[in-house]
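The values are calculated or read from the model by the stated rules, or taken from the named source; none is laboratory data. Quick caveat: nothing in here was measured; it's all calculated off a predicted structure. Cβ placement follows ideal geometry from the backbone for every residue including glycine, while neighbour counts extend to all protein chains displayed. SASA here: full protein model, heavy atoms, side chains in, ligands and nucleic acids out. Shrake-Rupley method; radii C 1.70, N 1.55, O 1.52, S 1.80 Å.
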Amino acid sequence: MSTKTQTVSLEEIEKQNGYMAAVRAGNMAFERELGFKPPVFVLTLGCQQNESDSEKLAGMAEKMGYAVTDKPEDAYLIIVNTCAIREHAEKRALSLVGQYKHIKAKRPELIIAMCGCMVVQEHRAESIKRSYPYVDLLFGTSDIHRFPEFLCEKFKRGRRVLRPCEPEQVVAEDMPVRRESTYRAWVSAMYGCNNFCSYCIVPYVRGRERSRKKEEIVREVSGLVAQGYRDITLLGQNVNSYGKDMGADYDFADLLAELDTIEGDHWLHFMTSHPKDATRKLIDVMAAGTHIAHHFHLPMQSGSDSVLKAMNRRYGFDKYIGIVDYIREKMPDATITSDIIVGFPGETEEDFEATLSALRRARFDMIFSFIYSPRKGTPAAEMEQIPDTVKSERFERLLAVQNEISLASNKLFEGKTLRVLCDGESKNNPEVINGRTEGGKIVFFDGDEGLKGQFLNIEIERGDTFALYGKIKNN
Ligand code: 5AD
Ligand code: SF4
């Protein structure tokens, strides 16, 4: 394998630091005059990789003298970090940006920036340039580290800065990060994807696979553990192909084993895995680990071999279920979750039923289910589509089957005590406290906000379809 990945040079990072200082000087003048820092609002759509990118954007904004707000109407800078995985996510970004136009009408100094997967697509970039004149900055997924430069240029020249260029083969280190949580953290292990599943836009908008140097990952994880982080998730669109682009004899299982030696009281998670790279070695490392969570998110996408072939997934159901069986053999307590797409072009009733029986056989704890959404430029978008009514009907049937399985699997926890990382008050009901198990299951219990970020033992009283309910066990 060739090693094309470039770490962004120190000179380049220094250059960006210079731009940050320039913007900061302007913002300090603002603060002296108005008595407060200009607020920045960051909106994140999509996956954990985007959440992680947004933490970097917010980190840079803070370093440039902005103060993070959760109220867009107060903001002097709004960053919309977009997603392109399904049409719904794109529509949402465009409709939100449409709303921000009204804020800008009242406060013309407001700068609106758009970045992330959606804006890298040529047709989207063109339409934003043309039809959203109030969007000031546009930049691509591999240019996050150049955000200060673009912002500086906007301030200097007053013109729009539209650079939605194709993803490049770069990895940027040493950028400021403003982490949302003090106890759960994202750590990128690699970026991009080489798989080109026929339905998926990710390889086009995030570029080819590129791994971070293991020393950088070890340094970041060690630092987080030392700061008291309790749950660290290694991220990558296809995290278990880590290292392949570097040509080194060191793979994701080796990385995980090395990270597991860092001492502390924490969980190590990773996502997302492609079944073709889910090796026995990786599962053995997980089973033997001290901190590695017994949670495997392993997208199956479909239970039909012909659909899997058309999806370019490079495995059949037999291979897939072999991995699931091996995970359960080595870790009987493992939580296994999956992604399923219904209504892929050409999916017949028989194919769909194969997916239903695959669910019954695999008995996932939980699935993320999606109705196939054609993505411009991907091979599947050119195939013959199936009607929306059929897609929706299959989606409902899929949920019904999985809900039954999830309920049964959650009932098995009744009477057991589980270790739960507390997330404090539930967003929907501040009366109850919630947390997550090692396998990511949501648990509700009585307690107080002060428990947030702590590991607790919870005695499970009731298992329901989407959550567990229990009480704190004092021991
Ligand atoms: N339509 C529907 N779902 C999709 N996914 C990816 N692309 C599409 C698409 N075009 C789903 C896959 C993937 C998850 C992150 O999103 O299931 O695993
Ligand atoms: Fe998309 Fe497939 Fe890559 Fe996942 S592995 S990001 S589904 S192309």
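Residue pairs, Cβ under 7 Å, 6 or more apart or interchain, first in segment 106-128 and over 13 Å from ILE78 (Cβ atoms), second open to solvent by 70 Å² or more (accessible area, probe 1.4 Å) and at pLDDT below 95. List them.
VAL120/GLU166
At pLDDT 95 or above and part of a helix (DSSP H, G or I) - does that describe any residue in segment 226-234?
For segment 226-234, residues at pLDDT 95 or above and part of a helix (DSSP H, G or I): present.
What are the residues in segment 398-439 that are open to solvent by 70 Å² or more (accessible area, probe 1.4 Å) and either touching a His at 6+ places or on another chain (Cβ under 9 Å) or not in a loop (DSSP other than H, G, I, E, B) (or both), if any?
Result: GLU404, LYS411, ARG419, GLU425, ARG436.
Give the residue that is farthest from ligand 1 (Cβ to nearest atom), with candidates limited to residues of segment 195-214 that are under 16 Å from ASP251 (Cα atoms) and part of a loop (DSSP other than H, G, I, E, B).
LYS213
Pull out all pairs, ordered by first then second residue, where Cβ-Cβ is under 6 Å, the residues are six or more apart or on different chains, the first lies in segment 210-232 and is open to solvent by less than 40 Å² (accessible area, probe 1.4 Å), and the second is aromatic (Phe, Trp, Tyr).
ARG210/TYR191; SER211/TYR242; TYR229/TYR183; ASP231/TRP267
Test of understanding: among LEU298, LEU282, which residue is under 22 Å from the mean Cα position of the chain (by Cα), within 14 Å of ligand 1 (Cβ to nearest atom) and under 27 Å from LYS441 (Cβ atoms)?
LEU298
Rundown of residues vs (1) farther than 14 Å from GLN6 by Cβ; (2) outside the structural domain of ALA257 (by TED's automatic domain parsing), yes/no style:
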site: PRO176; (1), (2): yes, yes
site: SER188; (1), (2): yes, no
site: PHE196; (1), (2): yes, no
site: LYS213; (1), (2): no, no
site: ARG219; (1), (2): yes, no
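Taking segment 440-457 as the search range and keeping residues that are open to solvent by less than 40 Å² (accessible area, probe 1.4 Å) and not in a loop (DSSP other than H, G, I, E, B), which one is nearest to LEU407 (Cα to Cα)?
VAL443
State all residues of segment 352-381 that are part of a helix (DSSP H, G or I), open to solvent by 20 Å² or more (accessible area, probe 1.4 Å) and away from ligand 2 (no atom under 16 Å from the Cβ); if no residue qualifies, say none.
GLU353, ALA354, SER357, ARG360, ARG361
Report the residue count in segment 196-205 for those that are near ligand 2 (Cβ under 6 Å from one of its atoms), farther than 15 Å from GLU382 by Cβ and surrounded by 20 or more Cβ atoms within 10 Å (Cβ to Cβ).
Of the residues in segment 196-205, 1 are near ligand 2 (Cβ under 6 Å from one of its atoms), farther than 15 Å from GLU382 by Cβ and surrounded by 20 or more Cβ atoms within 10 Å (Cβ to Cβ).
Determine, yes or no, whether ALA89 is out of contact with any Lys or Arg (no Cβ under 8 Å at 6 or more places or on another chain) and free of Cβ contacts under 8 Å to residues at least 60 places away in the same chain.
In short, yes.
Conditions first: (1) assigned to a loop (DSSP other than H, G, I, E, B); (2) within 16 Å of ligand 2 (Cβ to nearest atom); (3) open to solvent by 10 Å² or more (accessible area, probe 1.4 Å); (4) within 23 Å of ASP333 (Cα to Cα). THR290 passes all but one, so which condition is the exception?
The single condition THR290 does not satisfy is (2).
Just wondering, is there one or more residues in segment 214-226 that are within 16 Å of ligand 2 (Cβ to nearest atom) and within 18 Å of the chain's Cα centre (by Cα)?
Within segment 214-226, not a single residue is within 16 Å of ligand 2 (Cβ to nearest atom) and within 18 Å of the chain's Cα centre (by Cα).
Evaluate the following for TYR315: is it within 16 Å of ligand 1 (Cβ to nearest atom), open to solvent by less than 10 Å² (accessible area, probe 1.4 Å) and touching a Pro at 6+ places or on another chain (Cβ under 9 Å)?
No: the conditions fail for TYR315.
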